[in-house]
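To keep things clear, I will list the structure first and then write my remarks on it.
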Amino acid sequence: MGPQEMVERALELSQNDGCVVLVDEESTANLRFAGNTLTTNGVARSSRLTVISIAGEGVGVVSRASVRDEQLAGVVAAADAAARGAQPAEDARPLVEGVPQSSHWDADVRPTDIGVFEGFAAALGESFAAAEAGGRKLYGFAEHSLTSTFLGTSTGLRLRHDQPTGRLELNAKSSDLKRSAWTGVSTQDFTDVDVAALDSSLAQRLEWAKTRVDLPAGRYETLLPPSAVADLMIYLYWSAGARNALDGRSVFSKPGGGTRVGEQLGTLPVTLSSDPGAPGIACAPFVTAHASSRQSSVFDNGLPLEPTGWIKDGRLEALLQTRYSAELSGLAVTPGIDNLIMTGAEGGRSLEEMIASTQHGLLVTCLWYIREVDPQTLLVTGLTRDGVYLVEHGEVVGEVNNFRFNESPVDLLGRVTEVGANERTLPREWNDYFQRTIMPPVRVPDFNMSTVSQAS
């Protein structure tokens with residue numbers, strides 16, 4: 001049966017007070033390459049059914065992959081039984097009502113396929129030839145997915161969102177494999193990916209790396225590119241849950257109780273926001289919660305999402321809120337949204353222009369292996385990877401050793417001295433989970449490179 005019919009039948013089968021059904025149909029296509037040669041390609045499809053049953057204030061959630069027609073009744077019965085045996089849920093609220101049905105609810109699901117790479121693959125082949133001629137080797141992968149999510153509830157909601165997601169990770173190495181550089185891009189359909197330009201930027205970085213400069217640990221003026229900024233701001237965003245703040249468990253907790261909403265985090269006019277309709281990084285315009293957590297609630301499924309400012313002109317404006325946490329905090333309901341945008345003042349400079357105005361500092365390519373050290377300050381640690389470069393008098397003069405860093409993305413907002421022009425980017429560390437970001441490069445006058453890393 002199709003996903004729409006599965007939603008309807010599951011809702012009919014449930015015997016409890018309320019029911020939410022989510023069906024996710026996903027298709028993926030990928031290309032992988034190494035040493036200037038395509039190595040593998042493939043396509044796959046998957047389906048997952050999630051039934052959320054409500055009995056009084058008890059909730060039962062059962063999720064299964066590839067459910068066959070004859071298995072549906074058993075999945076619903078299991079969710080119903082789990083709800084009847086559950087303790088009252090603290091986030092229990094009436095299910096959402098009154099949201100108009102999605103206009104394309106009844107349309108067929110059209111999966112992605114290998115044809116999405118048609119133009120891209122030809123350009124990639126040309127870059128393989130250019131890299132071979134230039135004495136470098138390209139490694140990486142391209143992946144495209146299309147996920148169609150169908151949401152139905154016993155209160156009448158019938159909502160659908162089709163989410164295209166694409167990413168390219170490209171790594172260039174010298175012929176002796178001793179020098180390495182990385183870049184990556186996020187895309188909806190690969191028609192906007194300029195492989196030649198990406199390869200050219202990697203070739204330049206490999207040239208920079210021919211000169212090696214060893215530096216000690218310390219605090220350095222550092223230019224962080226959009227990709228590295230995305231990794232830090234995503235972690236800030238994930239940590240901005242209102243429940244943890246209210247319970248005194250996060251950097252956004254106010255001493256003595258409450259949250260820091262309304263406080264100034266930085267002096268520059270930095271804005272961090274999300275918008276389900278943002279061009280190029282559009283995402284689901286309604287809540288899809290497969291399970292409740294401290295930052296999401298199954299009772300909020302279908303709740304419309306609006307453009308939300310998390311930080312405005314350096315001031316903390318909002319935290320991730322369910323209807324339940326919003327009642328506790330007295331703040332607006334601001335659920336999580338699956339994209340993130342950071343902007344500074346108008347007229348921000350490009351990364352290249354920021355390099356040209358740097359007298360002495362470091363240029364970081366990307367960050368890696370980011371882990372939390374202290375939730376109270378959101379101190380995180382991690383490594384640099386695939387290129388840290390020394391900038392002298394406006395020019396890159398060589399590659400330096402890698403470092404381990406210790407920094408708080410919240411603290412950084414109060415210390416950055418320049419925010420450049422933002423662009424769509426791909427985070428290096430978190431792109432398995434979060435890809436839709438628009439970020440600027442930033443200048444940090446005293447980025448903490450805490451120790452020298454032996455990684456190469």
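The values are calculated or read from the model by the stated rules, or taken from the named source; none is laboratory data. Here the structure is a predicted model, which is why all the values come from computation and not from measurement. Glycine gets a Cβ as well: all are built from the backbone with ideal geometry, and neighbour counts include every protein chain shown. Please note that ligands, DNA and RNA were not included when accessible areas were found on the heavy atoms of the full protein model with its side chains. Shrake-Rupley method; radii C 1.70, N 1.55, O 1.52, S 1.80 Å.
Here's the yes/no breakdown for (1) within 28 Å of the chain's Cα centre (by Cα); (2) small (Gly, Ala, Ser); (3) surrounded by 15 or more Cβ atoms within 10 Å (Cβ to Cβ); (4) within 25 Å of Arg436 (Cα to Cα):
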residue: Ala78; (1), (2), (3), (4): no, yes, yes, no
residue: Pro88; (1), (2), (3), (4): no, no, no, no
residue: Gly98; (1), (2), (3), (4): no, yes, no, no
residue: Leu124; (1), (2), (3), (4): yes, no, yes, yes
residue: Phe128; (1), (2), (3), (4): no, no, yes, no
residue: Gly152; (1), (2), (3), (4): yes, yes, yes, no
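Can you name the condition, by its number, that Ser293 falls short on among (1) open to solvent by less than 20 Å² (accessible area, probe 1.4 Å); (2) closer than 15 Å to Asp91 by Cα; (3) assigned to a loop (DSSP other than H, G, I, E, B)? Among (1) open to solvent by less than 20 Å² (accessible area, probe 1.4 Å); (2) closer than 15 Å to Asp91 by Cα; (3) assigned to a loop (DSSP other than H, G, I, E, B), Ser293 violates only (1).
Condition check ((1) at pLDDT below 95; (2) among the aliphatic types (A, V, I, L, M); (3) open to solvent by 50 Å² or more (accessible area, probe 1.4 Å); (4) under 30 Å from Gln163 (Cα atoms)) across all residues:
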| residue | (1), (2), (3), (4) |
| --- | --- |
| Gln204 | no, no, yes, no |
| Thr259 | no, no, no, no |
| Leu265 | no, yes, no, no |
| Ser273 | no, no, no, yes |
| Ala278 | no, yes, no, yes |
| Ala282 | no, yes, no, yes |
| Val287 | no, yes, no, yes |
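Only one entry of Arg404, Arg428, Arg424 meets the criterion of being in contact with a Gly (Cβ under 8 Å, 6 or more places away or on another chain), part of a loop (DSSP other than H, G, I, E, B) and either open to solvent by 50 Å² or more (accessible area, probe 1.4 Å) or among the charged types (D, E, K, R) (or both), and that entry is Arg428. Of all residues in the range 19-48, those being more than 17 Å from Thr112 (Cβ to Cβ) and crowded, with 20+ Cβ neighbours inside 10 Å number 6. Restricting the first member to the range 201-213 and to residues that are free of Cβ contacts under 8 Å to residues at least 24 places away in the same chain, and the second to residues that are in a loop (DSSP other than H, G, I, E, B) and open to solvent by less than 50 Å² (accessible area, probe 1.4 Å), no beta-carbon pair is closer than 9 Å while six or more apart or on different chains.
Checking each residue in the range 371-381 for being open to solvent by less than 50 Å² (accessible area, probe 1.4 Å) and touching a helix residue (DSSP H, G or I) at 6+ places or on another chain (Cβ under 8 Å) picks out Leu378, Val380. For the range 384-401, the candidate set comprises residues that are acidic (Asp, Glu) and buried (at least 20 other Cβ atoms within 10 Å of the Cβ); within that set, the residue that is nearest to Thr183 (Cα to Cα) is Asp386. Here His144 passes the criteria (1) touching a residue at least 24 places away in the same chain (Cβ under 8 Å); (2) surrounded by fewer than 17 Cβ atoms within 10 Å (Cβ to Cβ) except the one numbered (2).
Trp368 satisfies every condition listed in (1) open to solvent by 30 Å² or more (accessible area, probe 1.4 Å); (2) farther than 21 Å from Asn171 by Cβ; (3) of a type outside the set (Asp, Glu) except (2).
Among the residues of the range 188-209, are any over 30 Å from Pro100 (Cβ atoms) and part of a strand (DSSP E or B)? No: the range 188-209 contains no residue that is over 30 Å from Pro100 (Cβ atoms) and part of a strand (DSSP E or B). Taken over the range 306-346, the residue count meeting the criterion of being free of Cβ contacts under 8 Å to residues at least 40 places away in the same chain and among the small types (Gly, Ala, Ser) is 3. Scanning the range 58-86 for residues that are touching a residue at least 40 places away in the same chain (Cβ under 8 Å) and in a helix (DSSP H, G or I) yields Asp69, Leu72, Ala73, Val75, Val76, Ala77, Ala79, Asp80, Ala83, Arg84.
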